[in-house]
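Here's the structure we're looking at; comments come further down.
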Amino acid sequence: IAADYSQFELRIAAHLSGDKKMIENFKSGDDIHSRTAEEIWNVSKNEVTSEMRRVAKAINFGIIYGMGPRKLASGAGVSMAEAGEFIDRFFTIHDGLRQYLDNTKVLAAAQGYVETIFGRRRYLPEITSGVPMLRAEAERQAINTPIQGSQADVIKIAMIKLDKILAEESAGGIDMLLQVHDVLVFEVVDSKLEKAAATIRDAMENSVKLSVPTVVEVDIGKNWGEMRQWKG
């Protein structure tokens, strides 16, 4: 069993920023990258092409990594001018996220650190550096750390919760093997597959409560290279 937190960094960004449009998009249950493409190109859902979605995905993740027009242009395969326009349009629509990111950099400079949702700190001494390159890198870390750090916290909370649940249920034949970013991988005997998949998904989705739904996608297979989606 491989259980994967779906688009978790973006969900945490929506929670931390309180951006109304992002929260609305996630609560609708629609594909977040397609929704971003609709917003940026001002087209209907049916008019979104795979290329539009690909660029929108690069924008969504690029923004929370502190990516500027140059890097976005390279990653999305668009011109610098287009990348700049896309970022401007994105932040016009998602003003709550823009304000959060700006305020995070200001706060990091004032206090010298940023925190995850659970209060784990990362100190950023270079945030007030007189060297522009060092300061810019610290600002990117200030933006990204609360999001990726909170993501790391949540999956560890889920692992602890699952370890306790499996021990209490005397769940022999269900072994948590490893964590890979947003994914937890388990080895399960066939007779316990359905129950284990349901237990794992429920525990991961309910480890913490955010202002947007937490969604876990579960795949099953004989090995990690041969998986199919578990419908449950």
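The values are calculated or read from the model by the stated rules, or taken from the named source; none is laboratory data. All values reported here derive from a predicted model rather than from experimental measurement. Ideal geometry is used to build each Cβ from the backbone, glycine not excepted, and the neighbour counts take in all protein chains shown. With ligands, DNA and RNA removed, areas are computed over all heavy atoms of the protein, side chains included. Shrake-Rupley method; radii C 1.70, N 1.55, O 1.52, S 1.80 Å.
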**Q.** Candidates 38, 47, 205, ranked by Gaussian network fluctuation over the chain, Cα under 10 Å, top entry
**A.** 47
Q | When the range 35-144 is reduced to its Cα atoms, the Kirkwood hydrodynamic radius in Å | A | 15.1
Q: Counting only C-alpha contacts under 8 Å and six or more residues apart, can you give the relative contact order of the range 134-229 as a whole percent?
A: 20
Q | Gaussian network model of the chain, Cα within-10 Å springs - most flexible of 65, 113, 123 | A | 123
(Q) Cα atoms only: what Rg and Dmax, in Å, come out for the chain? (A) 19.6, 62
Q.
I need to check one value: relative contact order of the chain, counting alpha carbon pairs closer than 8 Å and at least 6 residues apart, in percent.
A. 28
Q. Just the accessible area per residue of the range 108-232, please: how many Å² with a 1.4 Å probe?
A. 57
Q: Would you please name the trypsin sites (Lys or Arg not before Pro) within the range 133-232 that are DSSP coil residues with at most 11 other C-beta atoms within 10 Å of their C-beta?
A: 209, 231
**Q.** Extreme residue, positive dipole direction of the chain, given options 214, 134, 97 (C-beta unit charges)
**A.** 134
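First compute the accessible area of the chain with a 1.4 Å probe, then give the percent of it belonging to carbon and sulfur atoms.
Values: 6220 of 12170 Å².
That share works out to 51 percent.
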Q: For the range 93-198, evaluate the Debye formula with one uniform point scatterer on each Cα (no solvent term) and list log10 I(q)/I(0) at q = 0.23, 0.24 Å⁻¹, rounded to two decimals.
A: -1.17, -1.23
Q: Check the straight Cα-Cα distances from residue 192 and name the lysines below 30 Å, setting aside those fewer than 8 residues away within the same chain.
A: 156, 161, 164, 209, 222, 231
Q: Please build a GNM for the chain, connecting alpha carbons under 10 Å apart, and tell me which residue among 66, 119, 96 fluctuates the most.
A: 119
